[in-house]
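Step one of this worksheet: look at the structure below.
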Amino acid sequence: MSKNKELISKIGLRLDGRRADELRRIRCKMGVFAQPDGSAYIEQGLTKVLAAVYGPHQVKNRQKAQHDTCIINTQFSMAVFSTNERKKRPRGDRKSTEMSLHLQQALAAVIETDLYPWSQIDVYVEVLHADGGIYPACVNAATLAIIDAGIPIKEYVCACTATLANNEIPMLDISHQEEVLGGATLTVAALPMSGKIVLMEMSQRFHLDHLPKVLNKALEGCKDIKVILDEAVKNHVAEMGSSTGWANSRT
Amino acid sequence: MFTTKSFIKKNKIGNFLKNVREHYIRDDISCGVPNCTKCKAEASSFLSETHINKCSLYNFNHFVILDTNIILDQMDVLEEPVISNVIILHTVYKEVKNRSLPIYKRLNAILDNPSRHFYVFINDHHQDTFIPEEDSILINDHNDRCIRAATSWYIKHLPANHFVLITDDNKNRQLAIAGQIPACTIAEYVKHLENKSLLEDKLSRKDFHTESKGKEIFPPHLSTAQLLNGIKQGILHQGTFRASKDNFLEGFINVEGFTDPVLVQGRSGLNRAVDGDIVAIEIFKKEQWVSPSEIILEDDGVSEEQIEDVEEKEKVLKNTTVQDSEIKPTGKVVGIIRRKWKQYCGILQGNSDGVYQIFVPANRSIPKVRIETRQADFLKTQKLIVTIDAWPRHSRYPHGHFVRALGRIGSQDTENEVVLLEHDVPHSQFSEEVLSCLPKLPWIITEEDEKRRVDLRDIDICSVDPPGCTDIDDALHCRPIKDGKLEVGVHIADVSHFIRPGTAIDLEAASRATTVYLVGKRIDMVPELLSSNLCSLRGGEERFAFSCVWEMDQNANILKTRFHKSIIRSRRAMTYEEAQITIDDKTQTDSIAESLRNLNMLAKILKRRRRENGALVLASTEVKILMDSETMEPLDVEVKKMYETNSMVEEFMLLANISVAEKILDDFPDCAMLRRHPTPPATNFDPLVKAGRHLGFDIQIDCGKNLAESLDNAVKADNPYLNTMLRMLATRCMLQAVYFPSGTLQKEDFYHYGLAVPLYTHFTSPIRRYADIIVHRLLAVTCAADSTYPDLLDKQKSSELCQNLNYRNRMAQYAGRASVAFNTHLFFKGKLNDEQGYILYVRKNALQILIPKYGLECTMYLVKKGETSIFEYDEETITQKAGDVVFHTFDPVLIRLKLDSSNIQHEKFTVQLVEPHIPGFSVSPLAELQEGMNEEGAKPVNERKRKSEETKKNKKNKK
Ligand SMILES: [Zn+2]
């Protein structure tokens, strides 16, 4: 079985040349669209995700409106060309609904929802290319888009995957190839600054003894990602500011 | 830490799927050379500053870089601690892994050894040596380019040091030299090494056969492309080649789509296939199909050029193969898809001088091998290991090279070593790391232990084992409780208390899988302190046990079952014989005697019930070799004695195993370690049914129960041994019982055919079987005595473990038999005996005879070389007739057995017929010959032993 394959070779490198605790290369850009209130594009390795945020605005379905908080409406979709096989992916299938829900859960943990009663925020994410770690990329992209939209958040919410390579070494940011070859993958969405975990999901059954070390590794990954996102936000703000002359005073 | 590098994409297009993968290029990869100022020092590099590779081709010290072909072909040279300071490129390393896993493992062993100074340089992720794959060039060329690029980089990177590329690929070598890289072939390199000693003997001869000399003996093989094409079109078929052990010019190939294996015959049919190879065959038209020859042919060729004797034998073969009703699909090998050559044990034929020698493997399925050596005189006295490199068309024998010598031929130690190696039995000393896992002495039972275990020290428990047994796994008790009920306990050594999951001792035991018993030698699965002391349930000592306790009524019905860990003190460790005497001696009325009697009573009921359900009683000869404890020479060979108590212990072990199997499957539906015995396919029974038919018995094989019944009914008054012979034949029809994790199969496949139970496992021998340790751990979880760990619950891991256990068990069984066979030979040395034997098979030119007294099977040829046979073979009834004497299957014969030691390299039994008397063929009985002389060496032929003594199950292996 392919599962026997070593994810980390004897000399300590993964199949793509990374070490166990290294993330794939992350590239991101904020404000990629003019139309939405906020938008972002992120690449984690070959996984590419677009996110767009509308709102806060009035609740469309008035019956759902709440007096003390705002509704976060998330919608997840995958482009037909996002995987090896071209496949029509209807919106609202089981997987998308689940993803949307999980995404909502992660964002609800950081958005200061009580500032916007009777209102709604729409978050759309679209996977352009899937190469493992789709959910983390969506969360990270959505975080950037929310920041771009200027919606106040408590802190960043970042997500990352981790697994156990060769049944002993915890390993970060799993690519599609590694997902297929390896065992259970742990997906964690967390607030890296406070260390709170928002969401945790296992792809397969997994012995409890392994959990602490894999979880720790995933949290480390979330922290690393936060640093990168933070840098991107600062650059973006500086860029925006410089075009308006606002940031000139700093340089 | 975060160091992602710029990346390029790897495109792999196939099946219209576009696969894009990332490939990171790094700047933190070290060259591995000590004291390099440009790289960060790599702690894991074993490259040495002080080691010097002395090769007279180069007048400077140098590091060696190897091409893939050198690693794949010349591992025996590399394993010698001569060439060191070797850099293995990662591209090469990966290719080796893809091409040959065994070689990859051996390479890893060298890499792990610091004194060999090997280092893996990750050239494919290094920023300066990475070369993108281009679509236009072949993978092989790309790998060669990578090797040259990395070597050039090393030369530039460290101008003060020198690097030499060794490759047997001509093109690569020429291009390297053109690119200012010092390069040579391995043969040149080894030849000019200063300290080469006999390294040249170990060079693989793969590329030396290009010079074609003499006539071509074999038809050519088709090219790989032709083979693949042919298979795709259905013209050719793929399968694993199995050589016949009896006839070197015959073999079989199991091919998908054919129920019978496909027969291949003769030089052109076999066409250089070696046992185990995956071959492509062409199947003849049905008109050309023949039946297997049923004759025995041995290859007694002496040199690689002469083939006259083969041609003659091929004629014999042709004459004997007839196209009758027994025809099998027949074909010929047209090409080799994958060689499965291994290392083989054997000896030199020794009848020639010079550097070319013929090697005779111990395994009769393997052809003789031609090797080249400069130490032939020494090697002639040795058992040695040889590997095959190539088999060119012009050579009668494959070409190979000497790997190493094991020791003097005929010495007990050498033979044990050979048996262990041949059967891949891990037998090195336990490492320090393993020994450090052992408990410190004196070992005492603490209060904590007492709290966690049920104290059974006041119960009269005893153990019953073969004499001299020091690894006592099991002990029993039986006592009356209220309402006329009985409490029966089986107490098994609590090995899992001492062997904790994941420790060095655990890994070692898992890899060994079983204790291996050779004559006069035991290779333990766990160190002796555990196997013979702390775990062994010795008489009078307090020990930890895992207990399975039943409440039973007088009819052996189980009313209640419970499992718990306990502390016991066995009152007495008895032998089967002692226990039998205790039971039979009515004057003994102590609790042990009573308990044994009750157990025996219950066991008889259990056994009867089991047989009614269709459990098979099979037979095999298990012999015991009495050794002289001083000289370690066999004194006598005898069939092991069986008592009622053997069967008594066996019944309760079976019952415990079944109870435990039910329990662990309940709690672990996915990963319970169980044991199944698959129902053999009907064709397996052909020899049995055929033999039965000729004797007038109808052997029913549709289910185990009918088989058991028809075996019971197959009795003839004039040949009491016949039934045993039939059962022995039935044993050979069976498949191997195997371990498996419950989650991998459907429930109906859990069935144990031999025992006729739906569920079975091994629980009762954890000292000598690793499967039992796993079962103990599972059971401990179910009774809350222990906790789980990841691998225990991982179906995949359990499945891998089972594969290893099954493999090791099979090998251990074969090793045990091989050891007995060798010692039987040793026993017969210089003796001349007349023995009672039985005909196992009637062949066209020979009789296969079994001598139950020694468990020995030998061949009596009916035709001597160059003579015409006085025997007539009747194919209808499978009999041989001479005058008025007719030989049927299972007929008793008296034969003279002599070990022919005229050629010390190749001892074999010669068998002569004594009775029935056939003028001109038989010899007169020894007793007559020796009348008046002293009777040294000759023993009266044993009367047939009581059948019950010989009919039995091999308790340790068959279950
Ligand atoms: Zn360097």
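The values are calculated or read from the model by the stated rules, or taken from the named source; none is laboratory data. Keep in mind that this is a model prediction, so the values were computed, not measured. Neighbour counts are summed over all protein chains in view; Cβ atoms, including those assigned to glycine, are modelled from backbone coordinates with ideal geometry.
Would you tally the residues in segment A:141-177 being part of a strand (DSSP E or B) and either of a type in the set (Val, Ile, Thr) or free of Cβ contacts under 8 Å to residues at least 40 places away in the same chain (or both)?
Final tally of qualifying residues: 4.
Look at segment A:177-196 and say how many of its residues are surrounded by fewer than 20 Cβ atoms within 10 Å (Cβ to Cβ) and under 12 Å from A:Glu220 (Cα atoms).
Number satisfying all stated conditions: 2.
Residue by residue through segment B:24-53, note down the ones that are of a type in the set (Ser, Thr, Tyr), within 12 Å of the ligand (Cβ to nearest atom) and surrounded by 17 or more Cβ atoms within 10 Å (Cβ to Cβ). Full working, then the answer.
Residues of segment B:24-53 that are of a type in the set (Ser, Thr, Tyr), as a first pass: B:24, B:30, B:37, B:44-45, B:48, B:50.
Now drop any that are not within 12 Å of the ligand (Cβ to nearest atom), which leaves B:30, B:37, B:45.
Answer for segment B:24-53, where residues must be of a type in the set (Ser, Thr, Tyr), within 12 Å of the ligand (Cβ to nearest atom) and surrounded by 17 or more Cβ atoms within 10 Å (Cβ to Cβ): B:Ser30, B:Ser45.
Can you tell me which residue among B:Ala149, B:Ala176 is in a helix (DSSP H, G or I), touching a helix residue (DSSP H, G or I) at 6+ places or on another chain (Cβ under 8 Å), within 16 Å of the ligand (Cβ to nearest atom) and in the same structural domain as B:Asn59 (by TED's automatic domain parsing)?
B:Ala149
Within segment B:446-464, can you find the residues that are in contact (Cβ under 8 Å) with a residue 24 or more places away in the chain, in a helix (DSSP H, G or I) and within 20 Å of B:Ser787 (Cβ to Cβ)?
B:Asp449, B:Arg452, listed by residue number.
Could you tell me which of the residues B:Leu165, B:Leu107 is assigned to a strand (DSSP E or B) and either within 16 Å of the ligand (Cβ to nearest atom) or buried (at least 21 other Cβ atoms within 10 Å of the Cβ) (or both)?
B:Leu165
Identify, please: which residue in segment B:96-126 is among the β-branched types (Val, Ile, Thr) and closer than 15 Å to B:Val64 by Cα and is, among those, farthest from the other protein chains (Cβ to nearest Cβ)?
Here the answer is B:Ile110.
Is there any pair linking a residue in segment B:151-162 that is within 14 Å of chain A (Cβ to nearest Cβ) to one that is of a type in the set (Phe, Trp, Tyr) and away from the ligand (no atom under 11 Å from the Cβ), with Cβ under 9 Å and at least six apart or on different chains, and which?
Correct list of pairs: empty, since none qualify.
Identify, from the list A:Ser82, A:Ser96, A:Ser100, the residue that is assigned to a helix (DSSP H, G or I), touching a strand residue (DSSP E or B) at 6+ places or on another chain (Cβ under 7 Å) and more than 23 Å from A:Ser119 (Cα to Cα).
Values: A:Ser82 fails: assigned to a helix (DSSP H, G or I); A:Ser100 fails: more than 23 Å from A:Ser119 (Cα to Cα).
Among A:Ser82, A:Ser96, A:Ser100, only A:Ser96 is assigned to a helix (DSSP H, G or I), touching a strand residue (DSSP E or B) at 6+ places or on another chain (Cβ under 7 Å) and more than 23 Å from A:Ser119 (Cα to Cα).
Counting residues that are on the phi > 0 side of the Ramachandran plot, which strands (runs of 3 or more DSSP E) fully inside segment B:363-437 reach at least 1?
B:399-408
Could we say that B:Ser56 is more than 14 Å from chain A (Cβ to nearest Cβ), away from the ligand (no atom under 16 Å from the Cβ), hydroxyl-bearing (Ser, Thr, Tyr) and exposed (fewer than 14 other Cβ atoms within 10 Å of the Cβ) here?
Considered against the rule, which asks whether it is more than 14 Å from chain A (Cβ to nearest Cβ), away from the ligand (no atom under 16 Å from the Cβ), hydroxyl-bearing (Ser, Thr, Tyr) and exposed (fewer than 14 other Cβ atoms within 10 Å of the Cβ), B:Ser56 comes out as yes.
Which of the residues that make up segment B:738-763 are touching a Pro at 6+ places or on another chain (Cβ under 8 Å) and either hydrophobic (A, V, I, L, M, F, W, C) or assigned by TED's automatic domain parsing to the domain that holds B:Leu655 (or both)?
Answer for segment B:738-763, where residues must be touching a Pro at 6+ places or on another chain (Cβ under 8 Å) and either hydrophobic (A, V, I, L, M, F, W, C) or assigned by TED's automatic domain parsing to the domain that holds B:Leu655 (or both): B:Val738, B:Phe750.
Based on what the data block shows, is A:Arg94 of a type in the set (Lys, Arg), out of contact with any helix residue (DSSP H, G or I) (no Cβ under 8 Å at 6 or more places or on another chain) and within 14 Å of chain B (Cβ to nearest Cβ)?
no
Which residues, taken from segment B:465-498, are without any contact (Cβ under 8 Å) to a residue 40 or more places away in the chain and out of contact with any strand residue (DSSP E or B) (no Cβ under 9 Å at 6 or more places or on another chain)?
The answer is B:Lys482, B:Asp483.
Is one or more of the residues making up segment B:420-435 among the β-branched types (Val, Ile, Thr) and closer than 17 Å to B:Ala362 by Cβ?
For segment B:420-435, residues among the β-branched types (Val, Ile, Thr) and closer than 17 Å to B:Ala362 by Cβ: present.
Just a yes or no: is a residue in segment A:185-198 more than 18 Å from the chain's Cα centre (by Cα), outside any strand (DSSP E or B) and either at pLDDT below 95 or within 30 Å of A:Thr69 (Cα to Cα) (or both)? Explain how you work it out, then say what you get.
Here is the first cut: in segment A:185-198, the ones more than 18 Å from the chain's Cα centre (by Cα) are none.
Among the residues of segment A:185-198, not one is more than 18 Å from the chain's Cα centre (by Cα), outside any strand (DSSP E or B) and either at pLDDT below 95 or within 30 Å of A:Thr69 (Cα to Cα) (or both), which makes the answer no.
Restricting attention to segment A:8-61, and to residues there that are on the phi > 0 side of the Ramachandran plot and away from every other protein chain (no Cβ under 14 Å), which single residue is modelled with the lowest pLDDT?
Of the residues in segment A:8-61, the ones on the phi > 0 side of the Ramachandran plot are A:12, A:17, A:31, A:45, A:55.
Going one step further and asking which of them are away from every other protein chain (no Cβ under 14 Å), we end up with A:31, A:55.
On the way: A:Gly31: 91, A:Gly55: 82.
For segment A:8-61, the residue satisfying everything is A:Gly55.
Consider B:Phe63 against the criteria (1) within 14 Å of the ligand (Cβ to nearest atom); (2) crowded, with 17+ Cβ neighbours inside 10 Å; (3) within 14 Å of chain A (Cβ to nearest Cβ): it satisfies all of them except one. Which criterion is unmet?
Looking at each condition in turn, B:Phe63 falls short on (3).
Does any residue of segment B:127-139 turn out to be within 13 Å of chain A (Cβ to nearest Cβ) and either aliphatic (A, V, I, L, M) or surrounded by 14 or more Cβ atoms within 10 Å (Cβ to Cβ) (or both)?
yes
Confirm whether A:Cys138 is surrounded by 24 or more Cβ atoms within 10 Å (Cβ to Cβ), outside any loop (DSSP other than H, G, I, E, B) and within 13 Å of another protein chain (Cβ to nearest Cβ).
No; evaluated as a whole, the condition is false for this residue.
Just to be sure before I move on: is A:Val80 within 14 Å of chain B (Cβ to nearest Cβ), of a type in the set (A, V, I, L, M, F, W, C) and farther than 30 Å from B:Ile88 by Cα in the structure I sent?
Yes, satisfied.
I'm trying to understand the selection: among the residues of segment B:688-710, which are touching a residue at least 60 places away in the same chain (Cβ under 8 Å) and within 30 Å of the chain's Cα centre (by Cα)?
Within segment B:688-710, B:Lys690, B:Ala691, B:Cys703, B:Gly704, B:Leu707, B:Ala708 qualify.
Quickly run through segment B:750-761 and pick out the residues that are in contact with a Leu (Cβ under 9 Å, 6 or more places away or on another chain) and under 17 Å from B:Val660 (Cα atoms).
In the first step, residues of segment B:750-761 are kept if they are in contact with a Leu (Cβ under 9 Å, 6 or more places away or on another chain); the result is B:750-757, B:759-761.
Of everything in segment B:750-761, those that are in contact with a Leu (Cβ under 9 Å, 6 or more places away or on another chain) and under 17 Å from B:Val660 (Cα atoms) turn out to be B:Phe750, B:Tyr751, B:His752, B:Leu755, B:Ala756, B:Val757, B:Leu759, B:Tyr760, B:Thr761.
Regarding segment B:762-777, can at least one residue be identified that is of a type in the set (Phe, Trp, Tyr), at pLDDT 85 or above and not in a loop (DSSP other than H, G, I, E, B)?
Yes - at least one qualifying residue is present in segment B:762-777.
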